[in-house]
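Here's the structure we're looking at; comments come further down.
The values are calculated or read from the model by the stated rules, or taken from the named source; none is laboratory data. Computed from a predicted model, the values in this text were never measured in an experiment. When we count neighbours, we look across all protein chains shown, and the Cβ atoms used for this are built from the backbone with ideal geometry, even at glycine. Calculation scope for accessible area: heavy atoms of the full protein, side chains included, ligands and nucleic acids excluded. Shrake-Rupley method; radii C 1.70, N 1.55, O 1.52, S 1.80 Å.
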Amino acid sequence: MSLQNIRLEVMQLLEKKVDDYVKEYLIPVETIWQPTDFLPDPSAENFGEQVKELQELAKDLPYDFWIVLIGDTITEEALPTYESWLMSVEGIDNVERNGWSAWTRHWTGEENRHGDLLNKYLYLSGRVNMREVEMTTQHLINDGFDIGTARDPYKNFVYTSFQELATYISHNRVSQLAKKYGEKRLSKMCKMIAGDEMRHHNAYSEFVHQIFKVDPSQMMIAFHDMMKYKIVMPAGFLRESGAKIASAFDHFSDSAQRIGVYTAADYVDILQKLINRWEIENIGGLTDEAEKARDYLMKLPARMLKISERLVIPAESHIFKWVEPARV
């Protein structure tokens, strides 16, 4: 049997539990928070005063903080790319509307609220050139992304396990910084988004855990392959209007590292957390190739940590079109 057919068989086996995963890791629409729960109420008589208060608190937030918040928002707003990518994975069938496609639609529904909430906050803040942000978002959707997984469900679930935890870290750190700067409303928003991301991380990590039980060698090799070639961030193709594809990501990443929202050390820490969570050291019944893959993974965090310690982040911030210098 081909590797593709084995993967499809494993996906069909796990699909029997998808309804349970939806109940365990996702929240019903009528119960979960919605963006308007945290925003000024446009039907209220004091709506203008609410917006003015929001803008007063927002005006003193530092420049790099804004760049990170805007970049996070754009990443969330590119959700159509992520859903269409997941729907193409082997074993996820949106035509027959199987269990995996139901999971993907429900996951998308939860994620969609994140961009809605953050976008409205940026708009109301008065600090952001929204047209430039909107053009960057459209470019990111137009350009798509290439995360090196093809249609392989094993690699895709490694990617989502990693990326959801990275997104949790980013939103949670932004929440902590917003609270430090006195912007409690924004802090609460980002904390709620981070909570969603952690639930989603737990779900995708569980999918991988279950695959390790039935196809340990191929799951180990898939994990190895994803980490050897590195996890590509969803905003990797980020660019401003009139610029070349991927020209803005490094500057955005530098801002995140300068203020400690997401760093190279965090990347290594996530890798170690996944190794621990999936108990990579203790998995048995591996082929020779999978054993070599495990050895590589076990040594990788220490190697990557040494590299991360040598990174030099520019002290000066890149001037993005997203935030006018005069407003800083």
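Listed options for mean projected area of the Cα convex hull in nm² are (i) 17.9; (ii) 22.1; (iii) 14.8. The value calculated from this structure is the one marked (i). Sum up the charges of everything whose Cβ sits under 15 Å from the Cβ of Ile245, counting Lys and Arg as +1 and Asp and Glu as -1, but leave Ile245 out. So the environment of Ile245 carries a net charge of -2. For Ile70, the accessible area of its heavy atoms, probed at 1.4 Å with every protein chain present, is near 0 square angstrom. On the beta carbon distance between Leu13 and Lys230, with R0 = 35 Å, the FRET formula returns roughly 0.70. Each of Glu309, Glu53 has its accessible area taken with a 1.4 Å probe; listed largest first, they run Glu309, Glu53. Give the carbon-plus-sulfur fraction of the accessible surface of segment 3-309 in %, rounded to a whole number; probe 1.4 Å, heavy atoms of protein chains only. Carbon plus sulfur share of accessible area: 50 percent. Ignoring aspartates and glutamates fewer than eight residues from Lys16 along the same chain, the ones with Cα atoms less than 18 angstrom from its Cα are Glu24, Glu90, Asp93, Glu96, Glu206, Asp215.
Taking 19 Å as the straight-line reach from the Cα of Lys230, the lysines in range (excluding those fewer than 8 positions away in the same chain) are Lys155, Lys273, Lys292, Lys299, Lys306. The angle between the Cα long axis of helix 184-214 and the main principal axis of the chain comes to about 10°, on a 0 to 90 degree scale. A simple packing score, the average count of other Cβ atoms within 10 Å per residue, orders the peptides 291-302, 159-170 as 159-170, 291-302, with the highest score first. Under the simplified labelling scheme, the Gln55-Arg303 pair shows an inter-label distance of 5.4 nm, with each label point 7 Å from Cα along Cα→Cβ. Pick from Ser84, Ser43, Ser175: which is most flexible by mean-square fluctuation in a GNM of the chain where alpha carbon atoms under 10 Å apart are linked? Comparing Ser84, Ser43, Ser175 in the GNM, the peak value goes to Ser43. Taking Gly126, Gly48, Gly195 in turn, the Gaussian network model of the chain (Cα-Cα springs below 10 Å) assigns the largest fluctuation to Gly48.
The order of the peptides 221-228, 15-22, 181-188 by mean Cβ neighbours within 10 Å, most packed first, is 221-228, 181-188, 15-22.
Taking the chain as a Gaussian network of alpha-carbon nodes connected by springs under 10 Å, the highest mean-square fluctuation of the residues Gly71, Gly285, Gly144 belongs to Gly285.
Once the Cα atoms are used to define both axes, helix 99-125 deviates from the longest principal axis of the chain by about 20 degrees.
To the nearest ten degrees, helix 47-58 and the longest principal axis of the Cα atoms of the chain are 70 degrees apart. Ranked from largest to smallest solvent-accessible area, with a 1.4 Å probe on the protein heavy atoms, Glu45, Glu56, Glu289 come out as Glu45, Glu289, Glu56. Enter the Cα centre distance for the pair segment 85-150 and segment 224-299, rounded to the nearest angstrom. Cα centroid of segment 85-150 versus Cα centroid of segment 224-299: 20 Å apart.
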